[in-house]
């Protein structure tokens, strides 16, 4: 259990300012604290790229088949990607997308191909090469080769097993990131990251230190170590 609780209402107010939404529509940022935290992390990734000189645009889906567009966030593994809001980031001729709850093929599935069942994971936040997903259905997935970075958001304090499980997920999705001495400080993109709303328990801190000592391309963020210094979780 978290001993320090994040303030959901304050986070929603910050998100309202970020997404330019009216305060009376704060329910859009999630009914549960877990959903609100996911939205916070989704926005943090967009701010990360904006702070590094990327032009960031929020693309909202059309509402009920009309020309009107309204923000809609994806809090489930089900649903067509085109029915939900996402970010498009542009810089020096490059264009990427930041998606919420996006289904992406694992690295091994793309490598081996022909098999009866598709191997893919619905990622909390995925940074991908820009592409048209308007014809994608709920079970369709993006090719692994399009994956630039991804993150998982967990409303909890972290224990060792949680970080170990995340390392396993990185191995399935982007195995080059978990090779020792793979850390590239010159990279213009995020590393795969786990973001928890609470703190790291001692054993989790121990695993984090081993990640740093092995120079793996993985980041662990929490209350004490936020992704962005100016975009902290209120508590």
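The values are calculated or read from the model by the stated rules, or taken from the named source; none is laboratory data. Small disclaimer: the values here were computed from a predicted structure and weren't measured. Positions of Cβ are backbone-derived with ideal geometry, glycine not excepted, and every protein chain shown enters the neighbour counts.
Please work out if residue 122 is modelled with pLDDT of 95 or more and surrounded by fewer than 19 Cβ atoms within 10 Å (Cβ to Cβ). Here the answer is yes, as residue 122 does meet what is asked. Would you pick out the residues in region 62-94 that are over 20 Å from residue 36 (Cα atoms) and in a loop (DSSP other than H, G, I, E, B)? Once the filter is applied, which keeps residues that are over 20 Å from residue 36 (Cα atoms) and in a loop (DSSP other than H, G, I, E, B), region 62-94 yields 63, 64, 65, 66, 67, 68, 80, 92, 93. Restricting to region 41-72, count the residues that are under 17 Å from the mean Cα position of the chain (by Cα), closer than 20 Å to residue 8 by Cβ and surrounded by fewer than 19 Cβ atoms within 10 Å (Cβ to Cβ). Counting residues in region 41-72 that are under 17 Å from the mean Cα position of the chain (by Cα), closer than 20 Å to residue 8 by Cβ and surrounded by fewer than 19 Cβ atoms within 10 Å (Cβ to Cβ) gives 2. Could you check region 84-98 and list, in sequence order, the residues that are free of Cβ contacts under 8 Å to residues at least 40 places away in the same chain and closer than 20 Å to residue 121 by Cβ? Across region 84-98, the qualifying residues are 84, 86, 97. In region 129-136, the count of residues that are assigned to a strand (DSSP E or B) and under 21 Å from residue 215 (Cβ atoms) is zero. For region 173-184, the tally of residues that are part of a helix (DSSP H, G or I) and more than 15 Å from the chain's Cα centre (by Cα) stands at 4. Suppose the filter is within 19 Å of residue 55 (Cβ to Cβ), in a loop (DSSP other than H, G, I, E, B) and touching a strand residue (DSSP E or B) at 6+ places or on another chain (Cβ under 8 Å); does residue 97 pass it? In short, no. Can you tell me which residues in region 137-163 are outside any strand (DSSP E or B) and under 11 Å from residue 96 (Cα atoms)? 146 - this is the single residue of region 137-163 that is outside any strand (DSSP E or B) and under 11 Å from residue 96 (Cα atoms).
Any residue at all in region 155-163 that is in contact (Cβ under 8 Å) with a residue 24 or more places away in the chain, closer than 30 Å to residue 57 by Cβ, surrounded by 15 or more Cβ atoms within 10 Å (Cβ to Cβ) and within 18 Å of the chain's Cα centre (by Cα)? Yes, region 155-163 contains a residue that is in contact (Cβ under 8 Å) with a residue 24 or more places away in the chain, closer than 30 Å to residue 57 by Cβ, surrounded by 15 or more Cβ atoms within 10 Å (Cβ to Cβ) and within 18 Å of the chain's Cα centre (by Cα).
Check region 112-121 and report whether any residue there is under 20 Å from the mean Cα position of the chain (by Cα) and within 19 Å of residue 195 (Cα to Cα). Checked against the condition, which is being under 20 Å from the mean Cα position of the chain (by Cα) and within 19 Å of residue 195 (Cα to Cα), region 112-121 yields at least one hit. Among the residues of region 219-231, those that are more than 15 Å from residue 158 (Cα to Cα) and either within 16 Å of the chain's Cα centre (by Cα) or modelled with pLDDT of 95 or more (or both) comprise 227, 228, 231. Of everything listed in (1) surrounded by 20 or more Cβ atoms within 10 Å (Cβ to Cβ); (2) touching a strand residue (DSSP E or B) at 6+ places or on another chain (Cβ under 8 Å); (3) not in a loop (DSSP other than H, G, I, E, B), the single unmet condition for residue 170 is (2).
Note on region 87-119: residues that are farther than 14 Å from residue 56 by Cβ and surrounded by 12 or more Cβ atoms within 10 Å (Cβ to Cβ) amount to 13.
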